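Report on the structure given below.
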Amino acid sequence: MIESPRHELDEAIDRVAAKMVAAPGGDRLLPNVIARLPEREASPWFMQMRVQAAAAAALLLVAFLWARPLDRTVMPITESAERITEPAPPLVDARSAELPTPAVTEASAGKPDPQLPAVTLDRPDHEHSLAPVMALEAMVFESIAPAALEPDAAVVLAPLALSELMLAGESSPHDR
Amino acid sequence: MTLAELTVPMLAATEPREAADPEVVRLVTLARAGDRVAFGRLIEHHLPAARRVALAAVGQPSDADEAVQEASVAAWKRLDALQDAGAFRGWFMRIVWRKALDRRRSLRSWFDRFGGATIDASGAPQLEHATSDASPDALLMLRQLEAAIAQVIKALPRRLRDPFLLAASGDHRYEEIATMLAIPIGTVKWRISEARRLTRAKLERLGHGAPR
């Protein structure tokens with residue numbers, strides 16, 4: 001088999017590349033390396049585990065920081081109980097209920113709640129001045145008797161009156 | 001047959017993946033405890049390959065030996081960071097490559113020392129098959145071709161020359177080269193093929209090889 005010049009060139013490239021990284025000798029390299037090694041203390045087990053320990057500590061820190069904002073949103077049980085038992089300030093006092101057009105006076109004068117919208121004094125409180133809703137009464141329906149209904153009046157049909165159609169032109173049936 | 005096998009015959013025969021050798025694990029354990037002899041035995045079998053790795057980066061044997069020594073000391077110090085004792089070879093080679101790159105960067109001018117414009121006959125690689133039965137003219141032409149090839153390879157871009165020379169050493173698989181260079185394995189194969197193509201094209205423009 002005759003090798004082409006291109007194949008010979010590829011082989012020559014491979015040979016030269018291998019020669020470029022060939023490193024003959026080097027017998028003194030290992031003694032030189034050993035001589036340059038510094039003193040090395042045997043590391044205890046916890047030093048060998050320091051990478052794992054650092055990773056675990058980082059995970060714990062992340063978990064702690066992740067859970068912290070959630071604690072702020074949770075209301076303590078004692079605090080919530082106190083808030084529930086505290087009497088809510090009346091929005092409308094008894095005097096305003098007797099007036100024909102009651103206005104909010106004391107409620108707005110009390111401790112304002114920032115969560116509630118501001119109530120102006122010059123407007124009547126329509127919401128609290130409404131009369132109480134009466135209890136619903138049960139509706140009574142009488143039974144409907146078919147016999148009690150009046151009979152239907154006789155139907156009278158008017159006689160039919162036929163008249164010729166007033167047709168003209170080519171469409172007239174008399175022209176056929 | 002893959003493209004890599006067609007273009008890179010030097011890597012056609014790949015070695016099976018190295019299994020965790022119990023002896024290596026034992027030597028690593030002893031070296032971690034401060035046993036220098038064990039560490040010497042650990043790196044002894046890898047030093048020739050380590051020198052070729054460093055030589056692919058720095059180009060000069062003296063610089064390569066210095067890089068290997070620095071890498072060995074660094075490996076001795078960082079032995080605790082080795083997670084899998086059975087993977088010592090790849091871990092050590094990566095340290096050697098990094099140290100060789102550091103040395104290449106620290107050189108005043110790598111190109112002046114490794115890729116100089118002039119390559120004399122003494123710098124050309126000596127081919128073993130140049131037997132005495134060849135004519136003086138044939139020997140002269142062969143040496144000129146070798147010198148031209150070496151010059152063209154040295155003039156390649158580093159991103160192409162590094163994987164090409166690492167593959168030419170015959171010590172590493174594509175996966176190991178990809179890990180050392182921190183590039184995908186497909187990129188390694190393409191760069192090796194591209195380095196070969198550029199080398200051949202330049203040689204043909206210089207009058208060597210097959211005319212087109």
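Only the coordinates and a few stated rules stand behind these numbers; no lab work does. Since the structure is predicted, the reported quantities are computational estimates derived from the model, not experimental observations. Positions of Cβ are generated from backbone atoms using ideal geometry, with glycine treated the same way; all protein chains shown enter the neighbour counts.
Given a Förster distance of 56 angstrom, what is the FRET efficiency for A:M49 paired with A:E11, based on the Cβ-Cβ distance and rounded to 0.05?
Here the calculated transfer efficiency is 0.60.
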Note to self: Can you find, among B:S72, B:W91, B:P61, the residue sitting farthest towards the positive end of the charge dipole of the range B:43-98, where Lys and Arg contribute +1 and Asp and Glu -1 at Cβ?
What the structure shows: B:W91
Item checked: Neighbour-count order for B:D65, B:D137, fewest beta carbons within 10 angstrom listed first -> B:D137, B:D65
Check: Of A:K19/B:K154; B:K99/B:K202; B:K77/B:K99, which sit over 20 Å apart, Cα to Cα?
Finding: B:K99/B:K202
